[in-house]
1. Which of the trypsin sites (Lys or Arg not before Pro) found in the stretch 18-117 are loop residues per DSSP with 15 or fewer other Cβ atoms within 10 Å of their Cβ?
2. Of all the stretches in the chain, which is the longest one without any exposed loop site, taking GluC sites (Glu not before Pro) in a DSSP loop (any state but H, G, I, E, B) with at most 15 other Cβ atoms within 10 Å?
3. Can you give the charge dipole size of the chain about its Cα centre, rounded to the nearest 20 debye, using +1 on the beta carbon of Lys and Arg and -1 on the beta carbon of Asp and Glu?
4. Reachable aspartates and glutamates from LYS394, Cα under 20 Å, same-chain residues fewer than 8 places away excluded?
5. How much mean residue ellipticity at 222 nm does the chain get from its helices, if each DSSP H run of length 4 or more adds -39500 (n - 2.57) and you divide by all residues, to the nearest 500 deg cm²/dmol?
6. Hey, if you put +1 on the Cβ of every Lys and Arg and -1 on every Asp and Glu Cβ in the stretch 441-517, which of ALA486, ASN450, CYS464 ends up farthest toward the positive end of that dipole?
7. In degrees from 0 to 90, rounded to the nearest 10, what is the angle of the helix 183-192 Cα long axis to the longest principal axis of the chain?
8. By DSSP, what percent of the beta bridges with both residues in the stretch 4-229 are antiparallel, rounded to the nearest 5?
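What follows is calculated from the coordinates using simple rules that are stated; it is not laboratory data. These numbers come from a predicted model, not from an experiment. Note: ideal-geometry Cβ built from the backbone for every residue, glycine included; neighbour counts use all protein chains shown.
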Amino acid sequence: MFDKKSVDYSLYLVTDSGMLPTGTSLYSQVKAGLENGVTLVQLREKETDTKTFVEEALKIHELCQQFNVPLIINDRIDVALAINAEGVHVGQDDMPIPLVRKLLGPNKILGWSVGKTSEVERLAQWGPEMIDYIGIGMVFATSTKKNPKKSPMGPQGVIGILNALETSKATWCRTVAIGGLHPVNIERVLYQCVSTSGKRSLDGISVVSDIMAAADAAAATVNLHTLLRKKTFQFVDLYLGNGELKPEGLKNVIEQVKQNRPLVQHITNKVHQNFGANVTLALGSSPIMSEIKSEVHDLARIPHATLLLNTGSVAPLDMVQEAILAYNQVGRPIVFDPVGYSATETRHVLNDTLLSSGQFTCIKGNSSEILSLAKLSVEKMKGVDAHTGTIDKKLLERATRLVAYQYKTVVVCTGEYDFIADGTVSGQYALSVGSRGKTVETIPCLVIENGPIEIMGHITASGCSLGSTIACFIGGLNTNGNLFEAVVAAVLLYKSAGKLAAERCQGSGSFYFQLVDALYQLFRDNKPETWTANFQRL
Ligand SMILES: Nc1ncnc2c1ncn2[C@@H]1O[C@H](COP(=O)(O)OP(=O)(O)OP(=O)(O)O)[C@@H](O)[C@H]1O
Ligand SMILES: Cc1ncsc1CCO
Ligand SMILES: [Mg+2]
């Protein structure tokens, strides 16, 4: 007897006969899927007439029953009832949910496509008798959906829906993510899509083309099934620890950078290019300022290659996305600096598009940028400079933690106080159970200070060059080197150099040169015990 409470949503196959490779059939592809780990099937045949649809539905239903897998029918409640399928999936423009439920009766599965938090509020008001699961999407752009009415929501949009389910107490409602999900991004989606409280993660993912259009649907399904159960996303070849800092750690970081001399590819704004190249050289590393799309894969494969991506004035979007893909594919780090994140709508959309395009190892921004990313900002940014005004340390800590947790990355939030939080949670993810206690409040976080150094805000691109410094330090680590330690070392060294340069300079012009000198000197000496900046755990 079928019990809708115990349905496994983890690998949900949605059919589309329009994309079958020659030599396969709808039946043979679904069968290969079922034999290799598909846990739920939806028949979605938009172009088929009723007679054929019913015939196919009967055959696919019989097949699913052999594997004890429920069959869901897209849109056609009449067909679902006629063949006694286990459920129905409807979209926002299909028959209203209460009427669907009335026709289906209480024991069938009812799924709904959801893209907005207001839709979650409605399903919560209907209560547990109505919707059993939602398809959250679309996550990424996809060719499967012709004329999509919505734009892709990205992992952050999915988190918003999970949060809304929690706020509205719709605990019964299961979730699958859908739209543009492929082996190249599934681990990242599962890893990032955890509600802000850590209580909810996705119950599954929906795929269409990866199985339906596969020349070898069995192998494709095995691959998907493996990703869903892997539990660790090792997105960079570094140690994603729990915030530990060893006594010799800082010194060791610099030793490794000296030995490995990382190549730091800069995709950065015009103002910063020369400054960033000189800072990189001062730190024993090699800069390459490259915005050539066709060479990113070659660069990413060079040992210790690291990408600094700064959106102050930006290269062509397709070039930048290719670079993100290239570094992600080989597990090399990307440091992201979302310059002027909320200054204009254009920057907002651009930065969000890039943020949803890959997994970042570190996100560095000034306090305005990080507050906006955390959606805790009180005002829009005027330009690319950090906000002025009184410093609310609790608010900045909260913002740093939130961004780190939601993007599953290390975050640096700069200003007089530099906050660092590590939201990588050791690369762990799991379906359905949430974060297993790793929350915004419990991730490692610390603050670095060295007293006010006002002049650091009076030269251009000082934050951008901290980005270069972080990239050099992360990139210089040996395989399995400690990511958090490298970021802390970079920020401590940079702040200490700022202090030294401020004492030696005569104004903002000479401060700029003194800063490069101080970075060079502190790096070469490698005596962290003499650095004047200090950190405090939060
Ligand atoms: N008042 C201050 N006291 C001490 N350090 C500061 C102060 N203001 C900035 N800094 C330091 O200067 C660097 C740049 O930080 P800031 O927040 O100004 O970045 P930013 O606005 O992104 O810079 P830019 O966009 O010009 O590159 C950081 O290392 C930060 O620690
Ligand atoms: C001045 C300026 N304009 C765009 S980027 C940049 C460098 C500091 O962020
Ligand atoms: Mg900046």
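1. Those satisfying the criteria are LYS46, LYS116.
2. Counting at most 15 other Cβ atoms within 10 Å as exposed, the longest clean stretch of the chain is 249-378.
3. Here the chain has a charge dipole of around 600 debye.
4. Cα-Cα hits under 20 Å: GLU369, GLU379, GLU416, ASP418, ASP422, GLU441, GLU449.
5. -12500 deg cm²/dmol
6. Toward the positive end, the furthest listed residue is CYS464.
7. For helix 183-192, the angle is close to 70 degrees.
8. The answer is about 5 percent antiparallel.
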